[in-house]
Structure formats: C-alpha cells, structure tokens
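Laboratory data are not the source of any read-out in this text; all were calculated from the coordinates shown. These numbers were taken from a predicted model, which means no experiment stands behind them. Here the Cβ is made from the backbone with ideal geometry for all residues, glycine too, and neighbour counts use every protein chain on show.
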Amino acid sequence: MIIPETFIGLYIFGFGTVLVLLGIVEMLLPRQAFHFWKKWAANRYFFLHGVLLIGIGFPLTMYQGRFEGIIFFTGIFIVFSGPFILLFPERFRSTFETAEEDLGEGGAKKIIYFEAFMRIAAGGICLASFF
C-alpha cells in the first residue's frame, strides 16, 4: 500500500511540531528533562523505545518534497538507532549514570541543551518543508 503524499506531509508537520515543542520544554527544564530520560532509560520497557524509533523514523524516509534529503537522512538515522536500543538497552542506562557522575549537573544541562537544540532544528526543518 502506498501512503498518499498528503498523509506523509501531515506526518512531517506533526512530527516537526512535536520535536519543536519537546525541544522547548527541554530548554526550559533541562534538569528535569535529564532526569526524565535517565528514569525512562532505567525502565524495564525502555527497549520499546527502539521499536518506536523504527516506526517513527520510517515514514520520514518516504517523504518527497522540500528538504527531502535532510529529512530522509534524519529518518535513516532514527530508524538505525532503534536496533541499538533494542539490542543494548543496558548501555544507554549506564551512559546516563556515567554522564551524570563524570560531568555533574552543569555537564548534564549542556547535554540536554545540545540535544534540545538538535531536536528543535530537526523539527524546524520538518515544519519548513511542510510550509
């Protein structure tokens, strides 16, 4: 079944909107965002995050329109990061703990700021391609 281009366009719009909103929340509340991600990575259902990444990223690879190359490679990156979470969830758990121990509170905030900036940039590209 081929998904009509309008559905992919709406998906890109919704995806971009969610990314920008999540990025803004992370910028406003970096400490809480880091602890949320750390807590989520420690959850026993965290492996499902990998499945979600595969499902969320796949429609991005089918988009045809403005910025399709950037959106395609973003989708590929998201899809390929999913299996790593499925196979190695304990590595992600330990990464958050190690980052907090080694970098301290200031370093954790910097990581969240960088991640939020990248999230907002990706969401902005999606929104710009929709309009």
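Laid out as a table, the results:
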{"quantity": "Per-residue HN-Hα couplings for the range 14-29 [Karplus 6.51, -1.76, 1.60; θ = phi - 60°; Hz; x = Gly/Pro]", "calculated": "x, 4, x, 4, 5, 4, 5, 5, 5, x, 5, 4, 5, 5, 6, 10"}
{"quantity": "For the range 19-131, fraction of C-alpha pairs farther apart than 23 Å, in %", "calculated": "35"}
{"quantity": "Label point distance in nm, I76-L52, each placed 7 Å from Cα along Cα→Cβ", "calculated": "2.6"}
{"quantity": "Förster radius 30 Å - calculated FRET efficiency between D102 and Y45 (Cβ-Cβ, nearest 0.05)", "calculated": "0.65"}
{"quantity": "Computed magnitude of the charge dipole of the chain (debye, nearest 20; Cβ of K, R +1, Cβ of D, E -1)", "calculated": "140"}
